[in-house]
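A short reminder: the numbers here are calculations on the coordinates, not readings from a lab. Every value quoted in this text rests on a predicted model; they were computed, and no experiment measured them. Counting neighbours? That spans all protein chains shown, and the Cβs are built from the backbone with ideal geometry, glycine included.
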Amino acid sequence: MTDKKRTGLNNQKRSVSVLSVPFVEADILTTGSIYAALPPRSLILSVTIVVTTVSGTSSSTIDIEANGTVVANENAVTVAGAIVGTVVAAAAYLATGGNIEILAGATTPADGALVGDLVIEYVELDKTNGEYTN
């Protein structure tokens, strides 16, 4: 048996990174907007939308895309507070990195009121914090 624990990056701890960006409805209505870029070999762990001013459009939703693929689909934005999106597992790993976009969902927010923050937790698989796990 070969002990690979201390070889290269094996067993080196990775820290969770948090992306937090504000958004407003006007920026996401027609074509969406790019808010950040995640580095290559990133793994998205969670997506949360913090709605500070709700959309007045009944049943309105937004989508979060990474590298052109939806990672959190049809997130309701009609209630204030933290809305936890369901991460689409097939889209969570970004081998080449990618842009983070917010787009209107199936029911477009359309009254101009929506304001919030997008919070994404992710791990950069090539970035370590210098500590080892036993």
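Relative to the Cα centre, what is the charge dipole magnitude of segment 24-124, using +1 at the beta carbon of each Lys and Arg, -1 at the beta carbon of each Asp and Glu, and rounding to the nearest 20 debye?
Around 160 debye, computed over segment 24-124.
Counting only C-alpha contacts under 8 Å and six or more residues apart, can you give the relative contact order of segment 24-124 as a whole percent?
Computed value for segment 24-124: 46 percent relative contact order.
Using only C-alpha positions, report the orientation-averaged shadow area of the convex hull of segment 24-124, nm², one decimal.
Reported value for the Cα convex hull: 5.4 nm².
Would you grab the residues whose amide H sits under 5 Å from the one on ALA113? Only those 5+ places off in sequence or on another chain, please, with H modelled 1.01 Å from N.
GLY56
Can you list residues whose amide H is under 5 Å from PHE23's amide H, if they're 5+ apart or on another chain and H is modeled 1.01 Å from N?
GLY116, ASP117, LEU118
Which of LEU118, LEU19 has the fewest other C-beta atoms within 10 Å, and how do the rest follow up to the most?
By the 10 Å Cβ count, ascending: LEU19, LEU118.
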